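K.L.:
Quick one: the structure is below, and I'll ask about it shortly.
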Amino acid sequence: WSEHRCDVSGERVGPLVTWGDVDDLKSYFEQLRTAAAAKEAEAAAAAISAVASASNVDAADNGNVNEEEEEAAPSLSNGEWIEYYLTKNLNAPAKENYAEFNETFTNTVQMADRISREREELKKSKRDDKMQTKVEKVEKILDDLKALINEPFRERAMKAYGKEKYLKSGMSSNQCMFLETPFINAWLAPYIKSPSKMTKKAMKEMAEKINVEIERIEKLLEMDFLSDDDDFEAAAKIFFRECYPDVEALYTCHSSSSSYHGPSNMMTEDFVRLIQGGRFLGALCYLQTNNLSPILLVTEPSASLAQISKYLDETSLKKLAQRAWNKTKTNTSSRALFQDREDDSWAAEAFAAGHKFFGEAMAKVDKFGAWLEGKVDEDKRAAFLNKLVMSYWYFDDFMKEEDFGKIWKNTSRLVRS
């Protein structure tokens with residue numbers, strides 16, 4: 001240790017512990033462990049043979065008086081043997097001699113940590129300033145654009161959110177704000193992500209584009225396109241006017257498949273495309289996820305059948321109406337609004353088919369209820385039939401199967417559930 005060494009290239013290196021010393025340290029440990037095991041075995045053998053005479057013991061003691069006591073081996077259970085190796089085998093100086101070096105090393109590490117933190121803080125500060133500047137630019141764009149949007153839709157259509165969450169995220173590349181109107185949000189997204197793209201010309205064109213759709217939506221809410229002389233359209237007009245009495249109501253129809261970050265109501269670009277194509281009824285259906293089953297329960301003949309129902313409660317009647325709307329030959333899913341359809345004549349067909357299915361289902365429920373007399377107590381019969389209607393799998397089989405005996409065999413467990 002006290003002698004400087006040279007590396008493979010001949011360059012002198014300071015007092016360091018090298019990889020070779022680490023290998024020697026391992027060998028040294030093995031030697032100490034072997035010696036300790038031998039010493040323990042020797043002590044055990046001496047204890048077992050207790051044959052030595054007192055004179056021999058005295059002689060041995062007298063003979064060892066002048067001998068130097070054997071130095072105790074370092075302990076293997078802690079770091080003592082390492083200290084011993086460095087001191088005895090490598091002539092390493094005492095720890096006190098390293099005080100200055102240790103202090104310098106500690107200060108150097110602390111300084112490096114401080115510089116690293118300062119760099120990160122500076123980087124974060126610049127990122128935060130950049131994000132704040134972006135938010136301010138977007139807010140100005142939205143304020144200027146809002147002034148060009150027609151009333152009374154202006155405030156609601158241009159309402160934005162998400163600024164606080166964006167500033168906390170630390171992700172400057174994310175969209176910093178979202179418009180609560182999904183189709184406007186989609187149109188403005190490129191400018192919100194890159195505010196520098198919004199020119200005066202682009203803003204004017206965007207305002208005109210938004211105003212055109214607002215006028216169409218206002219016309220949609222008037223619902224004058226629905227005839228009072230047609231049973232279905234008259235009922236649909238009453239239903240939709242109750243659902244959407246004003247602009248604010250459009251923001252209450254939520255989509256289950258909406259983006260986690262984006263707006264969640266149904267005024268999407270698909271909704272706008274239906275209006276642009278003159279399909280106002282289809283657009284209203286889209287807002288309802290194409291579920292017009294409530295209309296069945298307030299129009300004839302289903303309305304009268306629901307009122308005189310002997311077994312089904314209000315919840316089950318609504319469920320049955322929904323099944324009637326969905327089980328018709330006409331595809332009534334939201335996606336079906338865009339499948340090879342140029343108009344909304346399908347809705348009247350689905351309406352008639354829904355009434356037919358509802359009537360058939362109600363008649364079968366009544367017949368099955370009468371058949372159950374004597375098999376199920378009267379107080380449990382209604383509960384059983386309500387469970388049957390509410391169960392997707394059981395009800396589907398119920399409508400397909402004609403044999404009441406088989407139906408009872410397959411569904412009787414509902415009485416006990």
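K.L.:
When the residues of segment 213-229 are narrowed to those that are open to solvent by less than 30 Å² (accessible area, probe 1.4 Å) and either outside any helix (DSSP H, G or I) or at pLDDT below 90 (or both), which ends up nearest to residue 151 (Cα to Cα)?
P.N.:
Among those that are open to solvent by less than 30 Å² (accessible area, probe 1.4 Å) and either outside any helix (DSSP H, G or I) or at pLDDT below 90 (or both), it is 223.
Residue-wise test of (1) in contact with a Ser or Thr (Cβ under 7 Å, 6 or more places away or on another chain); (2) farther than 26 Å from residue 282 by Cβ; (3) surrounded by 12 or more Cβ atoms within 10 Å (Cβ to Cβ).
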residue	(1), (2), (3)
130	yes, yes, no
150	no, no, yes
182	yes, no, yes
211	no, no, yes
231	yes, no, yes
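K.L.:
What are the pairs with Cβ atoms under 7 angstrom where one residue, in segment 394-415, is among the charged types (D, E, K, R) and the other, located anywhere, is surrounded by 13 or more Cβ atoms within 10 Å (Cβ to Cβ)? Sequence gap at least six, or different chains.
P.N.:
Taking only residues 6 or more apart or on different chains, the pairs are 397/410; 401/407.
K.L.:
Go through (1) open to solvent by 100 Å² or more (accessible area, probe 1.4 Å); (2) on the phi > 0 side of the Ramachandran plot; (3) of a type in the set (Gly, Ala, Ser) and name the single condition residue 170 misses.
P.N.:
In the conditions (1) open to solvent by 100 Å² or more (accessible area, probe 1.4 Å); (2) on the phi > 0 side of the Ramachandran plot; (3) of a type in the set (Gly, Ala, Ser), residue 170 misses (1) alone.
K.L.:
Would you confirm whether any residue within segment 115-136 is touching a Lys or Arg at 6+ places or on another chain (Cβ under 8 Å) and assigned to a loop (DSSP other than H, G, I, E, B)?
P.N.:
Within segment 115-136 (the criterion being touching a Lys or Arg at 6+ places or on another chain (Cβ under 8 Å) and assigned to a loop (DSSP other than H, G, I, E, B)), the answer is no, since none of the residues qualifies.
The values are calculated or read from the model by the stated rules, or taken from the named source; none is laboratory data. No experiment lies behind these values; they were computed from the predicted model shown. Don't worry about glycine lacking a Cβ; one is built from the backbone with ideal geometry, like all the others, and counts go over all protein chains shown. All accessible areas refer to the heavy atoms of the entire protein, side chains included, with ligands and DNA or RNA removed. Shrake-Rupley method; radii C 1.70, N 1.55, O 1.52, S 1.80 Å.
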